[in-house]
Structures are given as C-alpha cells and as structure tokens.
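See structure below.
The values are calculated or read from the model by the stated rules, or taken from the named source; none is laboratory data. Please read these numbers as outputs of a predicted model, since none were measured by experiment. Here Cβ is always computed from backbone atoms with ideal geometry, including for glycine, and neighbour counts include all displayed protein chains. Ligands, DNA and RNA are stripped out before the accessible areas are found, and what is left, the full protein with its side chains, is counted by its heavy atoms. Shrake-Rupley method; radii C 1.70, N 1.55, O 1.52, S 1.80 Å.
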Amino acid sequence: MREKPLSKIGKELTRLRHEVSHATARRSAPEGFGLDRALVSGLVSDSLSPQDEATLAKQVAQLLPFHWAQSNTLAVTMTEIVDHLGGHRELMAWLDRFPGLPRLTARLYVLLGLLDQYSEEHAVVRAFREYREHTPYPPGLRGYLVPQTDDSTLAGLAFRIEELLGDGEVTESVDLALATATCVEQIAPRAEELDATVGDMGAVMEHMVKDLREADSAV
C-alpha cells in the first residue's frame, strides 16, 4: 500500500468505532467466522509462524465488515489485536502484508476512512454537489446515489462498499470503491480550490485507485 493514503487516516478509523443504525446492527457475520484464540495469543507474543499469521490475517479481514455486530468476546479479542499492533492504521498496514482478501480489505478500509473524513469537509461536499449539477450520476454510482448531495453522501457510499464486502459481493464492493475513488479524484481540484486545507486529495485518490486495482488483481 502506498504511504500517502495510509498516512491520511488516523490511528482510530471512524468506521471501526462509530455506532451504526439498528437496521445495520441486525446483520451478523456468517456462521464459522471467528478468531482463533491460539493464533491471537501467538500474535501478541510474537511467536506465530508466517503461515499462521496469514491465517489470522484472513480471519480478521473476514470479520471487519461485521465489527459492529461482534459479540463482546470477539470485540475484546479484536481490540487485543489492534492494541498489540498499535492502532487501526497499523492494523491496516499489517493486513496489507498478506495478499488476497486481507490486503484488499485493508485497502478498502483505508478508502472508507478517507471517505468518512471527506464527508465532514464542507469544500468536498460543495465540490461534489457542483459536479453532480452536470453529472448527476457519475459512472458506476447510479443506483447508489440519491438525487441530493449532502454531508452524508460520501459516508453513505462508504457504508455500501462495506456492506457489499460483508455480503461476500467482493467484485461489486471493489467496483463501487473504484467508481467512488475516481469520482472523488475528479472533484478534488475544485475542493482544493475552495479550501486549501483539504490538501492533496486528488493525489491520494489516484494512489487509492492504483492500490485497489493492484490488490484486486491478486484475489
């Protein structure tokens, strides 16, 4: 994963710590998903073999889309992993070491974290609204966007990306993620013009598109 997108998310990803709606909370992880306690203990004690660490990374990746529906036991175990690694940003960097679902999931969650942040930027919301005046439904986003654009629009797309991933619709999740990142890259110059503190959003999204395509090709 390129350093630029990863460096833009905080040590605590909003998406992994905010409460969710009751409708979302009713969804649960598929039967059989879980964390092997022995593998977690091995990670914390730095005694896992590379193969076992890869197995644990896949288990973590499978559970991330259901972070809001985990049992207390699973939540505590996941917190133990995050604390050992040093935070959510470090969790993403750790998952990124393992090709396949772990790497792809990590890169999707970095994008989700960025989208949640951009949702709170007035300049980004305004730039997106202006863009949609001439392109109401950017390529790949028809069916996911409602007519109005507000501070929940990008966060809503992030939620759908995560939901598709949790439903096992990985291809659809990646397609939506790429379409969203491409759209944000296109509105970046206007957002940066409106507010210089938005930073190099265009470059970050360009890197995200490349990262996602690279990870997806190995799944």
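By how many nm would the segment from Ala203 to Val219 lengthen if fully extended, with 0.36 nm per residue of separation less the alpha-carbon distance?
Gain on stretching Ala203 to Val219: 3.3 nm.
Only helices at least 30 Å long along their axis, Cα-based, and averaging -1.0 or more on Kyte-Doolittle count here, so list those DSSP H runs from the chain. Write down the numbers at each step before the final one.
Details: long enough: 170-194 (35 Å, 0.40).
Helices passing the filter in the chain: 170-194.
Just to confirm a number: summing +1 for Lys and Arg and -1 for Asp and Glu over residues other than Tyr144 whose beta-carbon lies under 11 angstrom from that of Tyr144, what do you get?
Values: positive: Arg142, Arg160; negative: Glu163, Glu172, Asp175.
Residues close to Tyr144 contribute a combined charge of -1.
If DNA, RNA and ligands are ignored and the probe is 1.4 Å, what is the ranking of Val198, Val44, Val76 by accessible area, most exposed first?
Reading off the accessible areas and sorting them downward yields Val76, Val44, Val198.
Between Arg97 and Arg142, what is the label-point separation in nm under the 7 Å Cα-to-beta-carbon projection?
Label-label distance for Arg142 and Arg97, simple model: 4.5 nm.
Farthest toward the dipole's positive end in the range 74-161, which of Tyr131, Gly100, Leu157, given Cβ charges of +1 (Lys, Arg) and -1 (Asp, Glu) about the Cα centre?
So the residue we want is Gly100.
Mind pulling the per residue volume of the convex hull built on the Cα atoms of the chain? Å³ is fine.
Given the Cα convex hull of the chain, per-residue volume reads 114 Å³.
Computing the accessible area with a 1.4 Å probe over protein heavy atoms, can you report the carbon and sulfur percentage for the chain? Write out the running numbers ahead of the final one.
Values: 5070 of 10420 Å².
Using a 1.4 Å probe with all protein chains present, the chain comes out at 49 percent carbon and sulfur.
With a 10 Å cut-off between alpha carbons and a GNM built on the chain, which of Ser173, Ser45, Ser119 moves the most?
Ser45
For the chain, with only Lys/Arg (+1) and Asp/Glu (-1) charged at the beta-carbon, what is the dipole magnitude about the Cα centre, in debye rounded to 20?
Using Cβ point charges on Lys, Arg, Asp and Glu, the chain gives about 180 debye.
Size of the range 87-132 along its principal axes in angstrom, Cα-based, largest extent first?
Dimensions of the range 87-132 along the principal axes of its Cα atoms: 39, 22, 8 Å.
Ala127: net charge of surrounding residues, Cβ under 12 Å, Lys/Arg +1, Asp/Glu -1, itself excluded?
Here the count lands on -3.
Given only helices, namely DSSP H runs of n ≥ 4 each adding -39500 (n - 2.57), what is the per-residue ellipticity at 222 nm of the chain, to the nearest 500 deg cm²/dmol?
When only DSSP H runs of four or more count, the value is -20000 deg cm²/dmol.
Percent of Cα-Cα pairs more than 15 Å apart in the range 29-98, please.
Cα-Cα pairs in the range 29-98 separated by more than 15 Å: 49 percent.
Once the convex hull of the C-alpha atoms of the range 95-219 is built, how many Å³ does it hold per residue, rounded to a whole number?
In the range 95-219, the Cα hull volume divided by residue count equals 91 Å³.
Just to be sure I understand the model, the point goes 7 Å from the Cα along the line to the Cβ. What's the resulting Glu133 to Ser71 distance in nm?
That separation, rounded to one decimal, is 5.4 nm.
Given a Förster distance of 25 Å, report the FRET efficiency between Glu120 and Lys58 from their Cβ-Cβ distance, rounded to the nearest 0.05. Present the calculation step by step, with values, prior to reporting the outcome.
Details: r = 32 Å, r/R0 = 1.29.
Calculated transfer efficiency: 0.20.
Quick one: net charge around Val174, please, counting Lys, Arg +1 and Asp, Glu -1 for every other residue with C-beta under 9 Å from its C-beta.
Once all neighbours under 9 Å are counted, the net charge is -2.
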